[in-house]
Amino acid sequence: VTDRPGPGGIRLELGSRDRSLGEEGYRLHSTPAALTITARAPAGLFHGVQTLRQLLPDRVEAQSRQEGPWKVAGGTIPDAPRYGYRGAMLDVSRHFFPVAEVKRYIDRLALYKINTLHLHLSDDQGWRIAIDSWPRLATY
């Protein structure tokens, strides 16, 4: 994630032996020379990158290229979730949402390390997902 070759920049290291991190934990270590995120499993690296996104200025989320340098405070953040199930629900049975809005919702859940999405697809009002093998399902 850096355009400068060499030992500095951002490093993602998978395979940490630190059992306290669990499957979704990570350790983010920042120095003036480099930033390293280590984890035991891919989910931990993903959560570490989400924390890095939160440490950077808001403009990092812009759709266009942003000039740096990007600065992150020095230190070490060891983080692992307290609970294995961290969920949110989206009721698409009673409320219609454009696809772009559902994708944005999912992206926000990932940013806040929510690991389960419950989609409320059916209710007495109807079924809101089209299934090719059951074409009349959404009609009735």
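The values are calculated or read from the model by the stated rules, or taken from the named source; none is laboratory data. Note that the structure is predicted; figures quoted are calculated from it, not measured. Every residue, glycine among them, receives a Cβ derived from its backbone with ideal geometry; neighbour counts consider all protein chains shown. Accessible surface is based on the protein model in full, side chains and every heavy atom, while ligands, DNA and RNA are left aside. Shrake-Rupley method; radii C 1.70, N 1.55, O 1.52, S 1.80 Å.
Values computed for the structure shown
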{"read-out": "Yes/no for His120 being touching a residue at least 12 places away in the same chain (Cβ under 8 Å) and not β-branched (Val, Ile, Thr)", "value": "yes"}
{"read-out": "Leading residue by the ranking (least open to solvent (accessible area, probe 1.4 Å)) among those in the stretch 1-27 that are among the small types (Gly, Ala, Ser) and at pLDDT 70 or above", "value": "Gly25"}
{"read-out": "Segments classed as strands (runs of 3 or more DSSP E), wholly inside the stretch 32-101, with at least 3 members that are open to solvent by 40 Å² or more (accessible area, probe 1.4 Å) and under 13 Å from Leu21 (Cβ atoms)", "value": "75-79"}
{"read-out": "Verdict on Val72 being more than 30 Å from Arg27 (Cα to Cα) and modelled with pLDDT of 85 or more", "value": "no"}
{"read-out": "The listed residue being in contact (Cβ under 8 Å) with a residue 24 or more places away in the chain, farther than 30 Å from Gly8 by Cα, in contact with a helix residue (DSSP H, G or I) (Cβ under 7 Å, 6 or more places away or on another chain) and small (Gly, Ala, Ser), out of Ala39, Ala80, Ala88, Ala110", "value": "Ala88"}
{"read-out": "Test set (1) more than 20 Å from Gly25 (Cα to Cα); (2) open to solvent by less than 90 Å² (accessible area, probe 1.4 Å) - Pro135 fails condition number", "value": "(2)"}
